[in-house]
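See below for the structure under consideration.
The values are calculated or read from the model by the stated rules, or taken from the named source; none is laboratory data. Remember, it's a predicted structure, so these values are computed and weren't measured experimentally. Here the Cβ positions follow ideal geometry from the backbone for every residue, glycine too, while neighbour counts run over all protein chains shown.
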Amino acid sequence: MIGRAAHRALIAALFLFLLAPVVLVIPMSFSADAFLVWPPSGFSLRWYTAMWRETKLMEAARNSILLACLVCAATLVLAMPAALVLARGRFRGREALVALLTAPLLLPTIVLALALLILFVGYGLIGSWPGLLLAHLLVALPYGIRVLMTAVSTLPPAVEEAASSLGAAPWRVFRRITLPLMLPGVAATAAIVFLVSFDEVVISLFVVGPELTTLPVAMFRYVESRTDPLVAAVSALLVLLTLSIVIVLERAVGLGRALGK
Amino acid sequence: MAGTALVLEGLTKRYGTLAPAVDALSLTVQPGEFIGLLGPSGCGKTTTLRMIGGLIEASGGRVLVDGRDVTALPPHRRDMGIVFQNYALFPHMDVAGNVAFGLEMRGMKRGEIAAKVEAALDLVRLGHLAKRRPKELSGGQQQRVALARALVIEPSVLLLDEPLSNLDAKLREEMRAEIQDIQRRLGITTIFVTHDQAEALAMCDRIAVMAQGRIAQLGTPHDIYEHPASEFVADFVGRSNRIAGHAADGRLNIGDLTIDAPAPVAPGPVTVMIRPHRIAFTAGGAGWNEVRGSVRRVTYVGDVLACEVTAGGAVFLVEQPTQPGVPPPEAGAEVCIAWRVADTLVFPRETA
């Protein structure tokens, strides 16, 4: 009995540790103070109204959303065929290719960021849409390929064989059978990749420019010069956005199923 | 529908440097014929079926459908209906959608598809379940959907890959009869892969017993059962007493017993095989082998009486239907058993 209680207490402590900073942001965002102080002396919605007037942040937010959508679309288009081949194919060097394609997950992001900076400067890609898209694809693709590979490997191959024996050419097998059966995995990939891109800060810091920046970078810059609770309000909205994506995904397809567990 | 002739010519499948999974297999299937590929797991029967359907590439040989070489064609251009062991229904489509799929792929008109789907579902008695999803159906119903889906495209050849092995015993017998009826009615050339010898005997016009990628024997169920070509076939199809013996002077010695062989045999070590239910507790006569021995064990299961009789150092399993008013023999009793010489199967013993 004591063991079980201790177990529960441990889990509770872990949750508290993980979630406390996130939870803290929410009362903070309703602060009536002009500075970030804990506890707030009073509560108000002033920072929720103030943030919409912060044009730099708002523009960065629009950029981030658009970028995340583009990264999402590009990742699906690129990762889908890759995942099909990598999960199904039996060819020499398959394992090495999987390792190579998922390597960016293991590399220190700062190293990637520096490398991209050096590379992008030469091609004038710093602070440009193509540059940001490429940089985010680099981090998003490994996730996309991983999750889609899991989705592919849970498909029963006989179903596709049956479709092809019934007269469906490979493209129609994919469109009518493989893709619909992979939809949960595709949805999960889209959500994860969207969040990875939306949340990406290290690489973005290096490749954004004065004309084009992303929300996390803009927030980082904001707190460098200002110390009011406005960022807490933005953060609270981000928590809400992330949470709703996860909940929608969970409701729509079941997160466990989407990740192939 | 007139059936289609299917010819396999030296069909071979090799994986790397291993012994071939299918080794130069040749088989001519008559139009409308129901052929069973029967063998233990790993004998190459499923590999053969998959090569016929184009699901795996042949390493060598040809597949001819009505004289046309289809070996190089992908599965979607072979016009063969395949029923898979696990049914492989499309989980995201309802029953009607599953059956309609092949017709849609053929670019058939909507109205025509609906009529054909209805007819196909009626054929397998599932018309009332057209709107169900596969996971809402029982195993037997799923199997019938799979069958309807394969048949509705009116394929030139029907390929059945262990279609009954996931069903329970009672359902299996029903489906056995049902598949057989439909096949006869449509006259469709059919290849049926199974490891179950009773299924093969009951359903097929001819059976190809396979071992190690080759056909060990091709024949009617009667041929295969009564005149097995090898010890392997005799052992795999039906049950047999398997007794080590020695051939000399045209007769067979088992320990101190001497019995007659049905045909001249070369001298040397042999395996003698006799079906248990062909041995009776009678004195023989002309054309019979007769042996005296003692009953070692009696198993009485109501309709069948099984006795182990030791004679000449060997054990003979005897199985007979029980007779009214005849008590089973007691263990230790001296009995006379006999079987027809023609039921004595003799194979040269494979020396290791």
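Note on segment B:75-114: among residues that are among the acidic types (D, E) and facing chain A (nearest Cβ under 9 Å), the one that is surrounded by the most Cβ atoms within 10 Å (Cβ to Cβ) is B:D79.
Segment B:8-73 holds no strands (runs of 3 or more DSSP E) entirely within its bounds that carry 3 or more residues that are of a type in the set (S, T, Y) and within 14 Å of another protein chain (Cβ to nearest Cβ).
Contact annotation: residue pairs with Cβ atoms under 7 Å, 6 or more positions apart or on different chains, pairing a residue in segment B:284-313 that is within 19 Å of B:D260 (Cβ to Cβ) with a partner that is among the acidic types (D, E), are B:G284/B:E290; B:N289/B:D260; B:R292/B:E334; B:G312/B:D256. Considering (1) among the acidic types (D, E); (2) within 14 Å of chain B (Cβ to nearest Cβ); (3) farther than 21 Å from A:M80 by Cβ, the lone condition that A:E200 does not fulfil carries the number (2). Report every pair of residues separated by at least 6 positions or lying on different chains whose Cβ atoms are under 7 Å apart, first residue within segment A:119-130 and under 11 Å from A:V207 (Cβ atoms), second surrounded by fewer than 15 Cβ atoms within 10 Å (Cβ to Cβ). Going by the 7 Å Cβ cut-off, the qualifying pairs are A:I126/A:G209; A:G127/A:G209; A:G127/A:P210; A:G127/A:E211. For A:V152, the test of being more than 30 Å from B:V99 (Cβ to Cβ) and hydrophobic (A, V, I, L, M, F, W, C) is failed.
Of everything in segment B:125-134, what is closer than 20 Å to A:A163 by Cα and more than 14 Å from chain A (Cβ to nearest Cβ)? Give them in sequence order.
Answer for segment B:125-134, where residues must be closer than 20 Å to A:A163 by Cα and more than 14 Å from chain A (Cβ to nearest Cβ): B:A130, B:K131, B:R132.
Applying the condition of being without any contact (Cβ under 8 Å) to a residue 40 or more places away in the chain and under 14 Å from A:A236 (Cβ atoms) to segment A:32-51 and asking which residue is nearest to the chain's Cα centre (by Cα) yields A:T49.
The criterion of at least 3 residues that are within 18 Å of the chain's Cα centre (by Cα) and surrounded by 15 or more Cβ atoms within 10 Å (Cβ to Cβ) is met by the following helices (runs of 4 or more DSSP H) wholly inside segment A:73-158: A:109-123, A:129-153.
Do we find that A:V246 is touching a Lys or Arg at 6+ places or on another chain (Cβ under 7 Å), touching a residue at least 24 places away in the same chain (Cβ under 8 Å), surrounded by fewer than 23 Cβ atoms within 10 Å (Cβ to Cβ) and farther than 25 Å from A:P130 by Cα in this structure? Reasoning before the result, please.
Working: touching a Lys or Arg at 6+ places or on another chain (Cβ under 7 Å): no; touching a residue at least 24 places away in the same chain (Cβ under 8 Å): yes; surrounded by fewer than 23 Cβ atoms within 10 Å (Cβ to Cβ): yes; farther than 25 Å from A:P130 by Cα: yes.
For A:V246, the condition - touching a Lys or Arg at 6+ places or on another chain (Cβ under 7 Å), touching a residue at least 24 places away in the same chain (Cβ under 8 Å), surrounded by fewer than 23 Cβ atoms within 10 Å (Cβ to Cβ) and farther than 25 Å from A:P130 by Cα - is not met.
Name the one entry in B:R251, B:R176, B:R185 that is outside the structural domain of B:F84 (by TED's automatic domain parsing), more than 22 Å from B:V22 (Cα to Cα) and basic (K, R).
Numbers: B:R176 fails: outside the structural domain of B:F84 (by TED's automatic domain parsing); B:R185 fails: outside the structural domain of B:F84 (by TED's automatic domain parsing).
Criteria check complete, one pass: B:R251.
For segment A:173-197, residues that are surrounded by fewer than 18 Cβ atoms within 10 Å (Cβ to Cβ) and either free of Cβ contacts under 8 Å to residues at least 60 places away in the same chain or facing another protein chain (nearest Cβ under 8 Å) (or both) total 3.
Of all the numbered requirements in (1) within 27 Å of the chain's Cα centre (by Cα); (2) in a strand (DSSP E or B), B:T310 misses one, and that requirement is (1). Answer yes or no as to whether B:G325 is part of a loop (DSSP other than H, G, I, E, B) and either of a type outside the set (A, V, I, L, M, F, W, C) or more than 22 Å from B:A244 (Cβ to Cβ) (or both). Yes, satisfied.
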